[in-house]
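Asks: One structure is given below, represented as structure tokens, and several questions about it will come after.
The values are calculated or read from the model by the stated rules, or taken from the named source; none is laboratory data. None of these values were measured; they are calculated from a predicted model. In this analysis, Cβ positions are derived from the backbone assuming ideal geometry, glycine residues included, and neighbour counts consider all displayed protein chains. Please note that ligands, DNA and RNA were not included when accessible areas were found on the heavy atoms of the full protein model with its side chains. Shrake-Rupley method; radii C 1.70, N 1.55, O 1.52, S 1.80 Å.
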Amino acid sequence: NEGDVFVSNHPQLAGGSHLPDITVITPVFHEGKILFFVASRGHHSDIGGISPGSMPPHSTNLEEEGARIVAFKLVKNGKFQEKGITDILVNQEYGGTRNLKDNLSDLRAQVAANNSGIRLLHQLVEENGLDTVEAYMHFIQHNAEMAVRHMLKDFAAQHGTKTHAIDYMDDGTPIELTINIDPDSGSACFDFEGTGPQILGNLNAPPAVTYSAVIYSLRSLVGQDIPLNQGCLAPIEFKIPHYSILNPSDDAGVVGGNVLTSQRVVDVVLKAFKACAASQGCMN
């Protein structure tokens, strides 16, 4: 319904990265129909868990890392659901948020940011017409897709249709990647078979983190000035073994995987494309 806003942060069940990153999503209506969605994601300074800051170094499961939200209606019929979101943030087994006022203020700011985006989208539609706006949204994604396909074809022509790389986390857990490229279509399969199992720690990374690492790497490898968008992943098929460090169980700890394992995945992707030497494997 118009006036509704949703919130989520669950890494494994709602496409999140780690729990402090909370996403607020608002549908955009035009003549009574949902045409678009706008979203804002913000890292909250604390959402509970076993240590202040909700980035515990020694967590072994997701519950220890803070409040888990698969989906909640943050705004219902235009009214901010303060009691409902407060209950989620405060009532936790390992201690609720230590900074509720900031959480609520930041969530309201995210809602406001979405509303600003909605106003701009409506303005864009009024100025150019809905058909033109939708067409250019598809054009931008198609252009990104073709840029990635051309890059993959060029790589296959120079280095062959199959490439492989492996690197390791500090505990020895392997992250292994085999890429098979179709030289005719420019599509590719990114197969992470051989990657180590999930660990009893928090360096596990949900699939969304691997998708983000790959889209970042592909955008870096493309020799054209294109805006980052989902079209970059249109030619890519992913195979990520279940219960691996890159596709853990729903309750696995992941807070460190977003900042550490993500960068090692980037290292492995760039190594497979013979693009550059590895970094220190950390985004900090």
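Asks: Give me the orientation-averaged projected area of the Cα convex hull of region 54-205, in nm², one decimal.
Replies: 14.2 nm²
Asks: Calculate, axis by axis, the spread of Cα positions in region 224-284 along the three principal axes, and write the results as whole Å, longest axis first.
Replies: Extents along the principal axes, in whole Å: 40, 28, 21.
Asks: If only Cα atoms are counted, what is the Rg of region 155-249, and what is its Dmax, in Å?
Replies: 14.2, 43
Asks: Also, I was wondering about something else. In nanometres, what is the gap between the two model label sites at Ser279 and Asp251, each 7 Å from Cα along Cα-to-Cβ?
Replies: 3.4 nm
Asks: Using the alpha carbon gyration tensor of region 1-69, what are the three equivalent-ellipsoid semi-axes (square root of 5 times each eigenvalue), largest first, in whole Å?
Replies: Listed largest to smallest, the semi-axes of region 1-69 are 30, 10, 8 Å.
Asks: Quick check: net charge around Asp4, other residues with Cβ under 15 Å of its Cβ, Lys/Arg +1 and Asp/Glu -1?
Replies: +3
Asks: Which of these values of P(r) over Cα pairs in 10 Å bins from 0, in percent was calculated from the structure shown: [x] 6, 29, 36, 21, 6, 1; [y] 5, 21, 27, 19, 10, 6, 5, 4, 3, 1; [z] 7, 25, 29, 25, 13, 1?
Replies: For P(r) over Cα pairs in 10 Å bins from 0, in percent, the calculated option is [z].
Asks: Normalised by the empirical 2.2 N^0.38 Å for globular proteins, what value does the Cα Rg of region 56-119 take?
Replies: This ratio for region 56-119 stands at 1.28.
Asks: Something else: Students often check this: by mean Cβ neighbours within 10 Å, which of 180-191, 204-215, 133-144 ranks highest, and how do the rest follow?
Replies: Peptide ranking by packing, descending: 204-215, 180-191, 133-144.
Asks: Moving on. Please report, as a whole percent, how much of the solvent-accessible surface of the chain comes from carbon and sulfur atoms (probe radius 1.4 Å).
Replies: The nonpolar share, carbon plus sulfur, comes to 52 percent.
Asks: Another question, then. Applying the Karplus parametrisation 6.51 cos²θ - 1.76 cosθ + 1.60 with θ = phi - 60° to the phi angles of region 203-218, what ³J(HN,Hα) value in whole Hz is obtained for each residue in order, glycine and proline being reported as x?
Replies: 8, 5, 10, x, x, 4, 5, 5, 4, 5, 5, 6, 5, 4, 5, 4
Asks: With every protein chain left in place, what is the accessible area per residue of region 12-148 in square angstrom, probe 1.4 Å?
Replies: Normalised by residue count, the accessible surface of region 12-148 is 53 Å².
Asks: Can you give me the long-range amide H partners of Ala252? Hydrogens built in the peptide plane at 1.01 Å from N, cutoff under 5 Å, separation of 5 or more residues or another chain.
Replies: Residues meeting the amide H criterion: Leu62.
Asks: Further question on the same structure: Test of understanding: what is the full-extension gain from Leu120 to Asp167, defined as 0.36 nm times their sequence separation minus their Cα-Cα distance?
Replies: 12.5 nm is the gain from fully extending Leu120 to Asp167.
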